[in-house]
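The values are calculated or read from the model by the stated rules, or taken from the named source; none is laboratory data. Because the structure is a prediction, the values reported are computed rather than measured. We place every Cβ from the backbone using ideal geometry, glycine too, and count neighbours over all the protein chains shown. The accessibility values were calculated without ligands, DNA or RNA, using every heavy atom of the protein model including side chains. Shrake-Rupley method; radii C 1.70, N 1.55, O 1.52, S 1.80 Å.
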Amino acid sequence: MNVSALTPSELRSRLKEAGIFLQIGAFVIHVKTSIRSVAEGIGLLYADYPLAEDVGFADFHVRLISPGNLRRWFRPQVLFSFDGRIPFKPLPLDQAFPMLEWGMNWCVSGHAHQYLILHAAVMEKQGGSVIMPAPPGAGKSTLCAALVNREWRLLSDELALIDKADNALVPLCRPVSLKNESIHVIRKFEPDAVLGREVRDTMKGTVAHMKPPAESVAQRHVTARPAWIVFPKYQPGAPTRLEPQPKARAFMHMVESAFNYSLLGPQGFQMMANLVDACDCYEFTYSNLDEAVAVFADLKLPAP
């Protein structure tokens, strides 16, 4: 049964009482909350996701709760709870759904060390996947949102998971996080895209999340072959340029994007070397999304 099978009141009731078990890629995440905005965000943006059976097991147990003090009434706040612990400072209650998304990123990046984990968007098309590592403000998520609205399959907007066994990319398909002007850019680029409520004055400015395509969610267990590593950079007014990058430089940039490269030791080094060796590497500058999508459509799969 998918989340969409529940009415809004049924979803709120389940979240408040026992919580729901969401099947997100390789993980089961148990979410519990009585906060209405979180229930609304899940109902809209996770509508196509299956509900796992409540068998008492989940990879991560998370709760969004209101502090039990005067903050409940005066400038209300929200806390993120992970396995009964509170790892972060509270945020304003209005930011509860973004906090859930950020908290789930933290759960995976800090604990799923069965994978090499990179801060990168990942999309797949016709058997090949592009990995896009980038610092905040580089236009990674905007470009990711555009591509998945033009027939690319979304594996992840934030976290690239590389399997230790075969260097395959493991999907972690979740809503795409958009910030500030990129929200309006995507609304204009793809009017049919489903976006959640805009939340203002967060630590990242104004944020909104885009619902993943149903086809991407349906293929949540289908791994993908890495084919390209692209380092994107949005530059207002700049011409669209895709330029090859030496693999030695790409390797160093990839290490900077990794969450657990050092933790994995020699295995991490070998996995990163294999990943970079399997991919064609590029730097990409863009200001026009239509031109950017056209460039990505012309990417040629590297030789096996």
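Using +1 at the C-beta of Lys and Arg and -1 at the C-beta of Asp and Glu, which of Ile35, Ser141, Thr223 has the Cα lying farthest in the positive direction of the dipole of the chain? Toward the positive end, the furthest listed residue is Ile35. Cross-link pairs exceeding 30 Å in C-alpha to C-alpha distance, out of Lys16/Lys164; Lys89/Lys140; Lys125/Lys247; Lys140/Lys164; Lys16/Lys188, comprise Lys16/Lys164; Lys16/Lys188. Over region 3-111, accessible surface divided per residue gives 48 Å², non-protein components excluded, 1.4 Å probe. Report, to the nearest 10°, how far helix 96-111 tilts away from the longest principal axis of the Cα atoms in the chain, using its own Cα long axis and a range of 0 to 90°. With rounding to tens, the tilt is 60 degrees. Calculate how many DSSP beta bridges within region 3-111 are antiparallel, expressed in % of all such bridges and rounded to the nearest 5. Antiparallel: roughly 70 percent of the beta bridges in region 3-111. Only protein atoms count toward the accessible area here, which uses a 1.4 Å probe; on region 108-159, the carbon and sulfur part of that area reaches 49 percent. Extension gain for Glu198 to Ser13 (0.36 nm times residue separation, less C-alpha to C-alpha distance): 64.2 nm.
As a rough guide to protection, the peptides 178-190, 244-256 ranked by mean Cβ packing within 10 Å, highest first, stand as 178-190, 244-256. Surface composition of region 3-84: carbon and sulfur make up 51 percent of the accessible area, probe 1.4 Å. Toward the positive end of the charge dipole of the chain, with +1 on the Cβ of Lys and Arg and -1 on the Cβ of Asp and Glu, the farthest Cα among Ile65, Leu155, Tyr286 is that of Ile65. Of the options Gln77, Leu11, His113, report the single residue whose Cα projects farthest towards the positive end of the charge dipole of region 1-155 (beta-carbon charges: Lys, Arg +1; Asp, Glu -1). The residue sitting farthest along the positive end of the dipole is Gln77. DSSP beta bridges fully contained in the chain are about 75 percent antiparallel.
Relative to the Cα centre, the charge distribution of the chain, modelled as +1 at Lys and Arg Cβ and -1 at Asp and Glu Cβ, gives a dipole magnitude of about 900 debye. For the peptides 154-167, 89-102, the ranking by mean Cβ contacts within 10 Å, running from highest to lowest, is 154-167, 89-102. Extending 7 Å from Cα along the Cβ direction at Lys179 and again at Leu301 yields two label points whose distance is 3.5 nm. I'd like the orientation of helix 36-45 relative to the chain: the angle between its Cα long axis and the longest Cα principal axis, in ° from 0 to 90, rounded to 10. Relative to the chain, helix 36-45 is tipped by roughly 40 degrees.
Full extension of the chain segment joining Phe269 with Val55 gains 73.3 nm, where the gain is 0.36 nm per residue of separation less the Cα-Cα distance. Placing +1 on each Lys and Arg Cβ and -1 on each Asp and Glu Cβ, with no other charges, gives region 134-178 a dipole about its Cα centre of roughly 100 debye. Relative to the Cα centre, the charge distribution of region 3-111, modelled as +1 at Lys and Arg Cβ and -1 at Asp and Glu Cβ, gives a dipole magnitude of about 620 debye. Eigenvalues of the alpha-carbon gyration tensor of the chain, scaled by 5 and square-rooted, set the equivalent ellipsoid semi-axes at 32, 22, 18 angstrom, largest first. Between 0 and 90 degrees, the angle of helix 247-257 with respect to the longest Cα principal axis of the chain falls at about 10 degrees.
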